[in-house]
1. Can you name the condition, by its number, that GLN53 falls short on among (1) modelled with pLDDT under 95; (2) in a helix (DSSP H, G or I); (3) loosely packed, with under 10 Cβ neighbours inside 10 Å?
2. Identify all residues within the range 67-89 that are assigned to a loop (DSSP other than H, G, I, E, B) and at pLDDT below 95; write none if there are none.
3. Based on this model, can you work out whether PHE44 counts as aromatic (Phe, Trp, Tyr) and surrounded by 10 or more Cβ atoms within 10 Å (Cβ to Cβ)?
4. Take ASP60 and tell me if it is of a type in the set (Asp, Glu), within 24 Å of LEU27 (Cβ to Cβ) and outside any helix (DSSP H, G or I).
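The values are calculated or read from the model by the stated rules, or taken from the named source; none is laboratory data. Keep in mind the model is a prediction, meaning the values are calculated, not measured. Every residue, glycine as well, gets a Cβ built from its backbone with ideal geometry; the counts of neighbours run over all protein chains shown.
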Amino acid sequence: MADTSSSPSSLGASLLESGAEARHRELATEHMLFWTLVYIERQFPGLYDHLDQSIERLGDHADDDTKDDEAVREVARRFVQGLRRSTAG
């Protein structure tokens with residue numbers, strides 16, 4: 001019997017790679033969005049207040065038991081708080 005514990009199957013390696021690629025895209029996208037919003041707020045004050053007011057309309061689009069609207073809203077609140085800290089400093 002072959003030892004498969006030391007290296008993932010080609011499918012496993014492919015999933016790990018695609019998961020890493022997705023994480024890299026997410027991190028890069030969040031970084032670019034974050035600093036774009038900081039720039040816009042500096043040019044046009046009031047954006048963060050507008051974003052804060054929109055959070056209550058935000059929800060999770062999942063159709064299964066992972067759906068958690070409040071968790072999505074909390075992520076958005078933390079994002080806006082981070083924006084405010086970046087602009088204040």
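1. The single condition GLN53 does not satisfy is (1).
2. Once the filter is applied, which keeps residues that are assigned to a loop (DSSP other than H, G, I, E, B) and at pLDDT below 95, the range 67-89 yields only GLY89.
3. On the way: aromatic (Phe, Trp, Tyr): yes; surrounded by 10 or more Cβ atoms within 10 Å (Cβ to Cβ): no.
Here the answer is no, as PHE44 does not meet what is asked.
4. Judged against the criteria, ASP60 is a match.
Let's see how each residue does on (1) closer than 25 Å to SER86 by Cβ; (2) modelled with pLDDT of 95 or more:
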position: ALA2; (1), (2): no, no
position: LEU11; (1), (2): no, no
position: TYR39; (1), (2): yes, yes
position: ASP65; (1), (2): no, yes
